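Input: a single structure, listed below in structure tokens.
The values are calculated or read from the model by the stated rules, or taken from the named source; none is laboratory data. As the structure is a computational prediction, the values presented were derived from the model and not from experiment. Cβ placement follows ideal geometry from the backbone for every residue including glycine, while neighbour counts extend to all protein chains displayed.
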Amino acid sequence: MKTPRYSVIVPVYNRRDEITELAESLLGQTERSFELVVVEDGSTEPCGDIIEDMCRRGLDAKYFFKSNEGRSIARNYGMERASGSYFVFFDSDCVIPPDYFRTLSNVLDAAPVDCYGGPDAAHESFSDTQKAINYAMTSFLTTGGIRGGKVRLDKFVPRTFNMGFSRAVYERVGGFREMFSEDIDMSTRIRHAGCGIGLIREVPVWHRRRVDLRRFFRQVYVFGMSRITLRLLYPDSLKAVHILPALFVLGCIALILLSVFVSWWFIVPLVAYFLAVFFGALLATRSLRVAFVAVPAAAVQLGGYGLGFIRAWFTKILLRRGRDEQQEIMMRKGK
């Protein structure tokens with residue numbers, strides 16, 4: 001059998017429905033120069049039967065079951081057993097457009113790069129909440145567009161919902177570390193190793209993200225906390241755009257208090273901002289329902305991230321608690 005060019009590595013933990021949809025989208029690719037490597041990370045609801053069925057239908061796939069140790073170690077486990085010369089990473093809640101690998105091959109053949117990342121978007125079949133969350137995560141009004149495939153306010157950092165790098169990069173840099181924001185850490189290590197990193201806008205994925213605002217809040221809260229951990233690991237990694245959600249939280253509190261105790265006019269800037277979010281979402285999605293949900297989604301995205309950032313900054317920077325954790329991280333899987 002011909003050695004695949006790409007090894008698609010996906011860690012899974014109790015995600016049967018998601019892995020089914022992901023595998024179906026891979027089965028429908030117009031170019032099949034890849035293998036799928038699924039690493040079940042100690043799930044109580046394994047998906048081995050799903051992968052076996054996909055193999056019978058013609059998908060080149062491998063399935064491994066291991067004890068639960070975290071998604072980073074699961075990815076490393078998959079890379080150790082992969083056959084391709086290029087490793088590609090998707091989250092299990094992604095759906096891959098049919099021409100993804102054909103387009104990727106054309107781009108890499110024309111302009112090879114050691115590591116790449118692509119944008120994510122919402123598919124038309126996603127729920128209104130998922131579309132609103134996608135808008136909140138990719139809009140310039142909420143994140144500066146840094147996750148939406150636009151030009152970043154700082155250097156581009158691939159994320160594992162849509163990321164790839166060569167086997168040579170893996171051999172040089174090592175595997176993922178088991179930590180929050182492990183993909184940012186990996187991208188930073190790749191850049192520090194002198195490897196080239198590129199954004200390939202032509203290969204987006206459809207990313208379902210969280211299905212409700214409560215779970216979305218928990219996710220972005222962790223993102224905010226992990227930004228401080230990354231700052232402890234890489235002191236020059238903290239940029240102005242990462243601090244903005246914390247300033248947003250503090251600004252909201254100040255404006256609300258001033259509007260209550262001084263003058264209601266102080267609430268006007270906050271109202272104007274969320275009106276801008278509403279009309280921005282309306283223009284982007286052409287849906288009133290999505291636009292209405294985008295307002296609380298934006299509040300959750302900025303508020304959750306900002307609160308996580310403030311808490312971690314207070315405990316780890318001011319109180320210096322848990323500051324040795326970065327040393328522990330450095331000792332885990334990866335160099």
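Looking at ILE133, is it more than 29 Å from THR285 (Cα to Cα) and either in a strand (DSSP E or B) or within 20 Å of the chain's Cα centre (by Cα) (or both)? So ILE133 fails the test.
Say whether the condition of being assigned by TED's automatic domain parsing to the domain that holds ARG159, surrounded by fewer than 18 Cβ atoms within 10 Å (Cβ to Cβ) and outside any helix (DSSP H, G or I) is met by at least one residue in the range 201-210. Within the range 201-210, one or more residues are assigned by TED's automatic domain parsing to the domain that holds ARG159, surrounded by fewer than 18 Cβ atoms within 10 Å (Cβ to Cβ) and outside any helix (DSSP H, G or I). Based on what the data block shows, is VAL113 surrounded by fewer than 23 Cβ atoms within 10 Å (Cβ to Cβ), touching a helix residue (DSSP H, G or I) at 6+ places or on another chain (Cβ under 6 Å) and of a type in the set (A, V, I, L, M)? Answer is no for this residue.
The helices (runs of 4 or more DSSP H) found entirely in the range 1-97 that carry 3 or more residues being free of Cβ contacts under 8 Å to residues at least 40 places away in the same chain and either in the same structural domain as SER166 (by TED's automatic domain parsing) or crowded, with 20+ Cβ neighbours inside 10 Å (or both) are 16-27, 48-56.
So which of ARG56, ARG81, ARG71, ARG75 is charged (D, E, K, R) and over 27 Å from GLU182 (Cα atoms)? Before you say what the answer is, go through the steps one by one.
Details: ARG81 fails: over 27 Å from GLU182 (Cα atoms); ARG71 fails: over 27 Å from GLU182 (Cα atoms); ARG75 fails: over 27 Å from GLU182 (Cα atoms).
None of the other options fit; the residue is ARG56.
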